[in-house]
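Trainee: Would you mind keeping the following structure in view while I ask a few things?
The values are calculated or read from the model by the stated rules, or taken from the named source; none is laboratory data. Quantities reported herein were computed from a predicted structural model and do not represent experimental measurements. Note that each Cβ is placed from the backbone with ideal geometry, even for glycine, and that neighbours are counted across all protein chains shown. Heads up: the accessible areas ignore ligands, DNA and RNA and are worked out on the full protein's heavy atoms, side chains in. Shrake-Rupley method; radii C 1.70, N 1.55, O 1.52, S 1.80 Å.
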Amino acid sequence: MNVPYRNKKEVLLPLALFSLLLLVRFHSALLQGGRFMAEEGSIFFEKASTSSWYDALFYSYGGYLNIVANASTLLAFHFMPVADAPYLTMAIALLFQLCAPLIILTARDAWLSTFRVRCTVTALLLLVPESAEVSLHSIHSQYHLALCCGLIVSMATETGWRESLRRILLFLAPLSGPGGVILAPLFILRALVDRSRSRLAECLIINLSSAIQMLFFFHKFNDRVYNFNFCDFVLVFLSRYIMYPFIGFKHFVVHAGHHLQKMEMAGDTPYSLVILTLLLIVLLAGILARQAMRDRDAREAVWFALAAGLHGSASLYGALGGAVTALPAGCAERYVFVGQSLFAVSIACLSVTGTRTIRKICAYLVPIMLVMGAYHYVATGKNMLHGPSWWGEVALWRHDHSHALRVWPAEPEWTMHLP
């Protein structure tokens with residue numbers, strides 16, 4: 001069942017607040033000329049400054065094409081003064097980061113019929129995931145596009161400009177990274193279930209774009225181990241999807257994650273924790289299946305969870321250093337960001353659509369996620385929120401063109417060379 005489209009204020013005000021909180025979080029960069037983040041500066045912007053527009057736009061790095069990062073840095077180099085170039089890439093990244101909350105705020109799904117629920121889910125997208133690493137820079141816009149894919153495949157199709165926007169995002173996502181490619185098979189399954197023209201169109205778009213990525217740009221990247229260690233995957237779920245959002249006081253979670261990592265690397269797997277976590281996963285899967293059978297509207301929660309599990313597992317498989325690197329909280333946030341986000345939305349959906357008991361349980365879980373998310377939002381490590389002054393680095397480069405400009409983060413040090 002669809003609900004009527006709401007007024008513009010109920011969309012624009014939450015988006016404005018979402019943007020303001022993000023910009024305040026990274027005020028240190030905004031007051032110093034903006035920032036380039038790691039490969040965004042040392043690889044992509046440097047490539048834009050030394051290559052033709054064609055080579056820079058279709059440059060494949062890390063094993064895949066990232067069209068958003070390529071285009072953003074290319075535009076920043078050619079149309080902005082060097083001292084202000086990061087402002088453009090940050091602005092483009094902000095627009096892509098707003099797409100997921102925009103999808104939620106403009107959706108007409110029945111469980112999102114109240115302004116309170118839509119604002120709650122928008123807050124979850126801002127606060128619950130470990131998002132500092134993937135915020136406001138173009139190389140990780142791919143994860144926000146993957147999140148949009150997870151939302152689109154799980155929710156009812158739209159009409160007009162909302163559906164057109166979704167199709168644009170579905171085309172860009174696979175061309176910006178493997179996240180969209182990972183979720184493409186889920187669109188085939190959803191198209192077979194729904195058998196609607198809109199769903200078929202979405203399926204064709206994302207799979208066509210995925211085929212272009214895989215056939216023309218994807219290649220093996222030697223730094224990726226492509227390792228599947230089942231126990232590592234299960235323990236990452238425990239550390240990052242259970243402990244972090246629900247009992248995630250930073251010192252405790254970080255310490256527990258490092259301890260699990262040391263045990264795994266030493267070959268001393270805590271099998272009791274693995275078994276308990278597996279039982280919890282089976283229990284959650286059973287609850288989702290039962291809710292979906294009882295209420296049609298609750299089926300969206302199942303799709304959110306499927307998308308979360310699929311993207312989270314595939315990300316860990318392709319993680320640099322393997323899944324074991326993602327055990328400690330705060331490390332490798334990009335590999336769990338999409339999964340955490342969709343998992344949180346699934347719980348929020350059940351808080352509205354589930355049976356009476358499940359609604360009550362999820363009604364407690366959602367505030368816990370918001371409180372823990374707000375705590376981590378404030379307690380994020382300084383390494384992601386502070387870095388070298390871009391204006392200062394440009395001043396040094398103008399004085400000496402051989403100077404290697406430092407970009408974020410400060411540790412480990414990343415540098416770029418400009419002609």
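Trainee: Restricting things to alpha carbons, find the Rg to Rh ratio for segment 15-62 using the Kirkwood radius for Rh.
Mentor: Values: Rg = 14.6 Å, Rh = 12.7 Å.
Checking Rg against Rh, the ratio lands at 1.15.
Trainee: Amide H of Tyr64 versus every other amide H placed in the peptide plane: which residues, excluding those fewer than 5 positions away on the same chain, fall under 5 Å?
Mentor: Under 5 Å from the amide H of Tyr64 lie the amide H atoms of His219, each far enough along the sequence or on another chain.
Trainee: Here's a follow-up. Mind checking the dipole of the chain: about its Cα centre, +1 per Lys or Arg Cβ, -1 per Asp or Glu Cβ, Debye to the nearest 20?
Mentor: Working: 32 positive and 25 negative charges, 319 e Å.
Approximately 1540 debye in magnitude.
Trainee: Which is the longest run of the chain containing none of the trypsin sites (Lys or Arg not before Pro) found in DSSP loop states (not H, G, I, E, B) with at most 10 other C-beta atoms within 10 Å?
Mentor: Working: sites that count: Lys8, Arg195, Lys220.
In the chain, the maximal stretch lacking such sites is 221-419.
Trainee: Multiply the residue separation of Leu208 and Ala374 by 0.36 nm, subtract the distance between their alpha-carbon atoms, and state the gained length in nm to one decimal. Walk me through the intermediate numbers first.
Mentor: Details: separation 166, 0.36 × 166 = 59.76 nm, distance 3.87 nm.
Going from the current span to full extension adds 55.9 nm.
Trainee: Sticking with this one: Hey, could you get me the Stokes-Einstein D for segment 63-123, Kirkwood radius over alpha-carbon pairs, 10 °C and 1.306 mPa s, rounded to whole µm² s⁻¹? Working shown, then result.
Mentor: Working: Rh = 13.8 Å.
Answer, rounded: 115 µm²/s.
Trainee: Between Phe79 and Ala266, what is the label-point separation in nm under the 7 Å Cα-to-beta-carbon projection?
Mentor: Result for the modelled spin labels: 5.5 nm.
Trainee: Turning to a different aspect of this structure: Please sort by residue number the GluC sites (Glu not before Pro) in segment 329-419 whose DSSP state is loop and whose Cβ has at most 14 other Cβ atoms within 10 Å. Let's see the in-between values first.
Mentor: Working: sites: Glu333, Glu393, Glu413; in loops: Glu333, Glu413.
Answer in residue order: Glu413.
Trainee: Continuing with this model, one more query. So if I average 1/r over every pair of distinct C-alpha atoms in segment 178-275 and take the inverse, what Kirkwood radius in Å does that give?
Mentor: Details: mean 1/r = 0.0595 Å⁻¹.
One decimal place: 16.8 Å for the Kirkwood radius.
Trainee: Go from 0 up to the bin containing the longest alpha carbon distance in segment 221-334, width 10 Å each, and give me the % of pairs per bin.
Mentor: 14, 41, 32, 12, 1
Trainee: Now, a different point. May I ask for log10 I(q)/I(0) of segment 269-411 at q = 0.10, 0.20, 0.22 Å⁻¹, from a Debye sum over the Cα atoms as equal point scatterers with solvent left out?
Mentor: Log10 I(q)/I(0), no solvent term: -0.52, -1.28, -1.37.
Trainee: Give me the accessible area per residue for the chain, probe 1.4 Å, as a whole number in Å².
Mentor: 43
Trainee: Sticking with this structure for a sec: Can you compute 3J(HN,Hα) from phi for each residue in segment 203-210, using the Karplus curve 6.51 cos²θ - 1.76 cosθ + 1.60 with θ = phi - 60°, rounded to whole Hz and x for Gly and Pro?
Mentor: Ordered by residue, 3J(HN,Hα) equals 4, 5, 5, 5, 6, 5, 4, 5 Hz.
Trainee: Now for a separate question. Normalised by the number of residues in segment 1-107, what is the relative contact order in percent for Cα pairs under 8 Å and 6+ residues apart? Walk me through the intermediate numbers first.
Mentor: Values: 73 pairs, mean separation 37.2, N = 107.
Taking the mean separation of contacting Cα pairs over the length of segment 1-107, I get 35 percent.
Trainee: Quick one: what are the phi-derived ³J(HN,Hα) couplings along segment 366-372, Karplus 6.51/-1.76/1.60 with θ = phi - 60°, whole Hz, x for glycine and proline?
Mentor: Values, residue by residue: 4, x, 4, 4, 5, 5, 5 Hz.
Trainee: Please state the Cα pair-distance histogram of segment 110-252 with 10 angstrom bins from zero: what percent is in each bin?
Mentor: So the P(r) values, bin by bin, are 10, 30, 38, 20, 3.
Trainee: Over 32 Å between Cα atoms: which of Lys8/Lys382; Lys360/Lys382; Lys47/Lys382 fall into that group?
Mentor: The pairs that break the limit, which is 32 Å between Cα atoms, are Lys8/Lys382; Lys360/Lys382.
Trainee: Right, here's the next one. Provide the per-residue ³J(HN,Hα) series for segment 57-64, in order, calculated from phi with Karplus coefficients 6.51, -1.76, 1.60 and θ = phi - 60°, each as a whole number of Hz, with x at glycine and proline positions.
Mentor: Taking θ as phi minus 60°, the curve returns 5, 10, 6, 9, 10, x, x, 7 Hz for segment 57-64.
Trainee: Can you work out the FRET efficiency for the pair His219 and Asp295, with r the C-beta to C-beta distance and R0 = 56 Å, to the nearest 0.05?
Mentor: Values: r = 45 Å, r/R0 = 0.80.
With a Förster radius of 56 Å, E is 0.80.
Trainee: Compactness ratio of segment 338-419: Cα Rg over 2.2 N^0.38 Å, N = residue count? Mind showing how you got there, number by number?
Mentor: Details: Rg = 22.0 Å, N = 82, 2.2 N^0.38 = 11.7 Å.
Normalised Cα radius of gyration, segment 338-419: 1.88.
Trainee: Run the quick spin-label model on Asp55 and Tyr364: label points 7 Å from Cα toward the beta carbon, then report their separation in nm to one decimal.
Mentor: Calculated label separation equals 6.1 nm.
Trainee: Right, next: Contact order normalised by length for the chain, with contacts defined as Cα pairs under 8 Å and 6 or more residues apart; what percent is it?
Mentor: Details: 647 pairs, mean separation 95.2, N = 419.
This gives 23 percent for the chain.
Trainee: Say each of Leu31 and Thr159 gets a label point 7 Å from the Cα, pointing the same way as Cα to Cβ; how far apart are those two points in nm?
Mentor: Rounded to a tenth, the inter-label distance reads 5.0 nm.
Trainee: Once R0 is set to 30 Å, what does the formula 1/(1 + (r/R0)^6) return for the Cβ-Cβ distance between Leu189 and Tyr226, expressed as a FRET efficiency to the nearest 0.05?
Mentor: On the way: r = 24 Å, r/R0 = 0.81.
My answer for the efficiency is 0.80.
Trainee: In whole Å, what are the Cα extents of segment 21-149 along the three principal axes, biggest one first?
Mentor: Rounded to whole Å, the extents work out to 51, 32, 24 Å.
Trainee: Compute the semi-axes of the equivalent ellipsoid of segment 120-202, taking the square root of 5 times each eigenvalue of the Cα gyration tensor, and list them largest first in whole Å.
Mentor: Details: eigenvalues 107, 42, 28 Å².
One finds semi-axes of 23, 15, 12 Å for segment 120-202.
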